[in-house]
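*Asks:* The structure that follows is given in the form of structure tokens.
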Amino acid sequence: MNVRYYMERAQHANKALMETIGLGAAACKAMDARLTQHDSYTRYHREQFKGSMLGVRGGVLSASPEGLELYFEVVNDAKGEVAATFIIRVALIERATRRRRPLPAAAVAKAAERLIEAPAHGQPRSVDLGPPRLDVRYEDLAERLADDASDPMSRRFERVVEAEDCDEFGFLADTPDMMMFGQLRMRAPERTDGEPQWGPMTFTSDQGHRLGWASMETRNIRLTSPRVGDVLTSIGAEIGLHGKVRHSRRWVFNTTTGEIVSMNDNVSVALDLDARRSIEIPTRLRAQLERRHLPEFA
């Protein structure tokens, strides 16, 4: 199954939990506020296939007026397998200003009644969930990195925030076209026939097999809210490179203000798509990645 399927299941569970504790969409709107998912971590465990019966369980890891930290896992109980685990952080913001505001005491109390501890298999393996590094500048990255169209994690995108992309207050709206599970989406250029310029990220191994990248862990962080007219530019680098694994990071910068809008970390393993097993990163592909390996920006 596509990894988006697991994300969607976790998002449905999160929505149901927020309704239960009094932070559903209608309740937040009545406060002239909205919940924002500003930090989300995902760890993929076991691939699932068509016909599998999957469930979701979870709870609250921490609750305070500043926000909630939540845990969910998608499971296949029939096989005793965990498909994916999620740690999600949410906060309440004013709709008109995007400034944070305290969660209602009643909601915090209800959330505290559902406190759990994340199991060992739900803890991060390679991704640090500490505060993000905010001293990285777009100009410094652009000076070191060429635009590599052969790899989606390395491609550079730019878009202007249009009025139709924004809410009634002029902030970039969290619509499916603009956001996916807390991560800002950047449109790929289209060919003259209207199709996306780039297809799936598939390569060829040293043995001539089809090769792809299988995500093992991701982290998405939202930091600022762009406004209509702002120019957004995304750029990516490798901040970790190992025998079979790459740790990629994409930044989205508001080049109008100089602020970081969002950061996306993706830890993925080289996968032989024909043999369905992990392999060493092929020599030619590794050479390309090494040119973009900038661990000093981690």
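The values are calculated or read from the model by the stated rules, or taken from the named source; none is laboratory data. All values reported here derive from a predicted model rather than from experimental measurement. Note that we place each Cβ from the backbone using ideal geometry, even for glycine, and neighbour counts take in every protein chain shown. Protein only, heavy atoms only, side chains kept; ligands, DNA and RNA dropped before computing areas. Shrake-Rupley method; radii C 1.70, N 1.55, O 1.52, S 1.80 Å.
*Asks:* In the chain, carbon and sulfur make up what percent of the accessible area (probe 1.4 Å)?
*Replies:* Working: 7460 of 14900 Å².
C and S fraction of accessible area: 50 percent.
*Asks:* I've got another one for you. May I ask you to give the solvent-accessible area per residue for the chain, in square angstrom, as obtained with a 1.4 angstrom probe? Spell out each step's value before the answer.
*Replies:* On the way: 14900 Å² over 298 residues.
I get 50 Å² per residue for this part.
*Asks:* Further question on the same structure: Which pairs in the list Lys29/Lys110; Lys15/Lys79; Lys15/Lys50 are over 23 Å apart, alpha-carbon to alpha-carbon? Present the calculation step by step, with values, prior to reporting the outcome.
*Replies:* Numbers: Lys29/Lys110 19 Å; Lys15/Lys79 27 Å; Lys15/Lys50 25 Å.
Checking Cα-Cα distances, Lys15/Lys79; Lys15/Lys50 exceed 23 Å.
*Asks:* Please compute the length gained on full extension between Val3 and Glu117, using 0.36 nm multiplied by the number of residues separating them and subtracting their Cα-Cα distance. All intermediate terms of the calculation are to be shown ahead of the outcome.
*Replies:* On the way: separation 114, 0.36 × 114 = 41.04 nm, distance 2.44 nm.
Gain on stretching Val3 to Glu117: 38.6 nm.
*Asks:* Could you give the length gained by full extension between His293 and Asn76, i.e. 0.36 nm per residue of separation minus their alpha carbon distance, to one decimal place? The partial results should precede the final answer.
*Replies:* Working: separation 217, 0.36 × 217 = 78.12 nm, distance 3.70 nm.
The span from His293 to Asn76 would gain 74.4 nm if fully extended.
*Asks:* So, one more: Remind me, relative contact order of the chain in percent, using alpha carbon pairs under 8 angstrom and six or more residues apart?
*Replies:* Numbers: 575 pairs, mean separation 47.4, N = 298.
Computed value for the chain: 16 percent relative contact order.
*Asks:* If you take the charge dipole of the range 198-251 about its Cα centre, with +1 on Lys and Arg Cβ and -1 on Asp and Glu Cβ, which of Ser215, Ser225, His242 is farthest toward its positive end?
*Replies:* Ser225
*Asks:* Please name whichever of Ala142, Ala105, Thr85 sits farthest to the positive end of the charge dipole of the range 62-175, dipole taken about the Cα centre and charges placed at Cβ: Lys and Arg +1, Asp and Glu -1.
*Replies:* About the Cα centre, the residue reaching furthest to the positive side is Ala105.
*Asks:* Still on this structure, please answer the following. Which of rounded, prolate or oblate describes the range 11-170 when judged by the alpha-carbon gyration tensor and an a/c cut-off of 1.5? Display every interim value, and only then the final one.
*Replies:* Details: a/c = 1.80, a/b = 1.11, b/c = 1.62.
Oblate, because a/c is 1.5 or more while a/b does not exceed b/c.
*Asks:* One quarter of the convex hull surface, Cα atoms only: what value does that give for the chain in nm²?
*Replies:* Details: hull surface 67.9 nm².
Projected over every direction and averaged, the Cα hull of the chain covers 17.0 nm².
*Asks:* Something else: Mean Kyte-Doolittle of at least 1.0 plus a Cα span of 15 Å or more along the axis: flag which DSSP H helices in the chain meet both, please. Let's see the in-between values first.
*Replies:* Values: long enough: 3-20 (26 Å, -0.90).
Counting only whole DSSP H runs, no helix qualifies.
*Asks:* Give, rounded to the nearest 20 debye, the magnitude of the charge dipole that the chain has about its Cα centre when Lys and Arg contribute +1 at Cβ and Asp and Glu contribute -1 at Cβ.
*Replies:* Details: 42 positive and 43 negative charges, 120 e Å.
Here the size comes out at about 580 debye.
*Asks:* Then there is this: For a label point 7 angstrom out from the Cα of Asp167 toward its Cβ, which stretches of the range 21-64 have the backbone nitrogen within less than 17 Å?
*Replies:* Only 23-39 fall inside the zone, counting backbone N under 17 Å.
*Asks:* Right, something else. Report the extension gain between Ala275 and Arg137 in nm, rounded to one decimal, defined as 0.36 nm multiplied by the number of residues separating them, less their alpha carbon distance.
*Replies:* On the way: separation 138, 0.36 × 138 = 49.68 nm, distance 4.10 nm.
Using 0.36 nm per residue and subtracting the Cα-Cα distance, I get 45.6 nm.
*Asks:* Near Asp77, within a Cβ-to-Cβ distance under 15 Å, what is the net charge of the other residues, with Lys and Arg +1 and Asp and Glu -1? Present the calculation step by step, with values, prior to reporting the outcome.
*Replies:* Working: positive: Arg9, Arg46, Arg57, Lys79; negative: Glu73, Glu81.
Here the charged neighbours net out to +2.
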